[in-house]
Number of protein chains: 2
Amino acid sequence: MSSLSKPGRTILASSIAKVYTDEIVSKIADLKEERPNGPLLVGFLANNDPAAEMYATWTQKTSESLGIRYELRRFEDKDLLEESIIEANNEDSVDGIMIYFPVFGNAQDQYLQQIVSKEKDVEGLNHVYYQNLYHNVRYLDDAKQLKSILPCTPLAIVKILEYLKIYNSLLPYGNHLYGKKCMVINRSEIVGRPLAALLANDGAIVYSIDINNIQKFTRGESIQYSRHHVEDLGDFTQNKLKSLAQECDVIITGVPSESYKFPTEYVRDGACCINFSSFKNFNDEVKNKASLYVPMTGKVTIAMLLRNMLRLIENREKLNQETPSN
Amino acid sequence: MSSLSKPGRTILASSIAKVYTDEIVSKIADLKEERPNGPLLVGFLANNDPAAEMYATWTQKTSESLGIRYELRRFEDKDLLEESIIEANNEDSVDGIMIYFPVFGNAQDQYLQQIVSKEKDVEGLNHVYYQNLYHNVRYLDDAKQLKSILPCTPLAIVKILEYLKIYNSLLPYGNHLYGKKCMVINRSEIVGRPLAALLANDGAIVYSIDINNIQKFTRGESIQYSRHHVEDLGDFTQNKLKSLAQECDVIITGVPSESYKFPTEYVRDGACCINFSSFKNFNDEVKNKASLYVPMTGKVTIAMLLRNMLRLIENREKLNQETPSN
């Protein structure tokens, strides 16, 4: 018998996050002069969702361990949230703002999401950031001084793929995923669709799956817009899912359901599996098939939102230098 | 027997729209110098929905009858829409842009809606306009030179209520609905919720009904924000609906279903009934109960979007005067 250990590896989000938290700590040190107590992140919580509560606790822990002040503002009355966020938009001491969704649990949440000023939107949920993502636009200004922000969960997945060396830095910039096929099970406006676009913009072929249909995102021909192209592959069927999954180097799941499990037998031997749902969308047996398996991504997402906050602070400082107050 | 005719009246949207179309014609005449062929409205259509098709036909007819050029841009491939709208945002000759929804029929439509530049958004769907509506903010700038736009359907209902003299101009400005109770059956982010807020901001008590629950919008105590306050009245029940409806001076329906009918027996004798759904949400017997009945509102909505376009043109001209090109 061979003494080889099992070929696959499970990679924990904490290991991946560490690369970025180290970077954050050193940037916070550079900010010591202007912000001796560290920058301030404010979270808004107006639900009793235990998942949101846990997310808030983790954000607080991570922030404080890195020298970032964190303040949780809790509301019983959801209708007070909007005005309070607007106040925080205008508070000089507040560097970043995030809301723990769901608040209303319907389309009103999309309205609320846009209330956070884009200068403090650490999660990168402002329409401007999504529009830039889809159009592969990296800067907010024509002079390319102010970097755009990416929504933190899609960004976390990209950083995970970089860590896992699925992004190949030998390939030309902007083409690091050339030749790779990825599957994304989720097409929400918050994560799944922007993620598929990001991966396609970096050169991958992406199968985007939702309950209704299957789409294929590629960079396509339209160099004119240097952005992805979407092709409809018709209604969702298990057979299609299976045959497409077997082509894929990477399978990324984000189904918000405790009972959903991606069928292990659909995973190609040696594929890379990543789950960003707060529920485990893969059975443990996936470890016998996947070369690399990342069962949860939350800690990388938190690292990304703190990284976004530092980028927003940099942008604000550049703007202040340009337009000194009288 | 009395020779009195039936006391109620049915008012057609066309009569109400006429007040505004006359105003539009005279403003178009004032623009003759800069736009000898009339301003240009561009509609984007990428579905086969007959209701959208009809809406487009009516917009074209109305526009052209008033001296406004109208151009319908049709797309088979929905994915081309976004880039084409961005092009229209940048076309100097285009004064107004509108999209016929649904396009994707899911949350991606909300993304698309925000792609239209707010300077050309005749329907008033940009987040800035909704945020101003909820906060009772009438101008886009601190100098109060640039008027904000209101979303065209909620605005149409307000104009209908003015025409019907439910808005009482003897009351102080901003309080024209003081003492009135209104019911709005629909709490979409596009029409129902903003409409309830608008009416509450003008002094009414508004019961906002959706399938899940009932809310009461009032201006409330918070003069600080000069905006409405929302109170939760619990789950929807037929009994609650009935007893609240009997208090109401105005019942406004907007249920997007052919089978839904508001129970005529819930309408108080002499109430005013308005339906903005493209399906008739009232049975014809309502004419025997309602003092004033407006069975459809689409023509007023079209008048409002053309009125919005003129306001956007005014704003653009004011901006051009302030910052002459070098």
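Throughout, read-outs are computed from the coordinates displayed, never taken from laboratory work. Computed from a predicted model, the values in this text were never measured in an experiment. Positions of Cβ are backbone-derived with ideal geometry, glycine not excepted, and every protein chain shown enters the neighbour counts.
Here is how the numbers come out for the structure above:
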quantity: Loop-located trypsin sites (Lys or Arg not before Pro) in segment B:11-79 whose Cβ has at most 11 other Cβ within 10 Å (DSSP); calculated: B:LYS32
quantity: Quarter of the Cα convex hull surface for segment A:108-231, i.e. its orientation-mean projected area (nm²); calculated: 8.5 nm²
quantity: Expected 222 nm ellipticity per residue - DSSP helices of 4 or more, -39500 (n - 2.57), all of chain A, to 500; calculated: -11000 deg cm²/dmol
quantity: Environment charge of A:GLY8, counting only residues whose C-beta is closer than 13 Å and scoring Lys/Arg +1, Asp/Glu -1; calculated: +2
quantity: Helix runs (DSSP H) in chain B reaching 15 Å along axis by Cα, Kyte-Doolittle at least 0.0; calculated: B:13-30, B:152-163
quantity: Taking the C-alpha atoms of segment B:1-141, convex hull volume expressed per residue in Å³; calculated: 192 Å³
quantity: Spacing of the two label points (7 Å from each Cα toward its C-beta) at B:ASP109 and B:VAL137, in nm; calculated: 2.7 nm
quantity: Cα point-scatterer Debye curve for the protein assembly as shown, base-10 log of I(q)/I(0) at q = 0.06 Å⁻¹; calculated: -0.39
quantity: Spatial separation of Cα centroids for segment B:12-60 and segment A:19-45, in angstrom; calculated: 53 Å
quantity: 10 Å binning of all Cα-Cα separations within chain B, expressed as whole percents from 0 upward; calculated: 5, 25, 33, 25, 10, 2, 0, 0
quantity: Rg(Cα) / (2.2 N^0.38 Å) computed for segment A:153-298, rounded to two decimals; calculated: 0.97
quantity: Two-site label geometry, B:SER84 and A:LYS240: point separation in nm, points 7 Å out along Cα→Cβ; calculated: 2.4 nm
quantity: Identity and axial distance of the chain B residue whose Cβ lies nearest the axis relating B to A, Å; calculated: B:GLN110, 3
quantity: Additional length obtainable on full extension of the chain from A:ASN37 to A:ASP49, 0.36 nm per residue less Cα span; calculated: 1.3 nm
quantity: Eligible lysines near B:LYS240 by straight Cα distance, threshold 19 Å, same-chain separation 8 or greater; calculated: B:LYS180, B:LYS181, B:LYS216, B:LYS261
quantity: 14 Å Cα-Cα reach of B:LYS78 towards aspartates and glutamates, excluding residues that sit fewer than 8 places from it in its own chain; calculated: A:GLU231, A:ASP232, B:ASP49, B:ASP109
quantity: Electrostatic dipole magnitude of segment B:114-184 [Cβ: Lys, Arg +1; Asp, Glu -1; Cα centre; debye, to 20]; calculated: 300 debye
quantity: B:ASP269-B:ASP232 pseudo-label distance in nm [points 7 Å out on the Cα-to-Cβ vector]; calculated: 3.9 nm
quantity: Per residue Cα convex hull volume in Å³ - calculated over segment B:39-120; calculated: 78 Å³
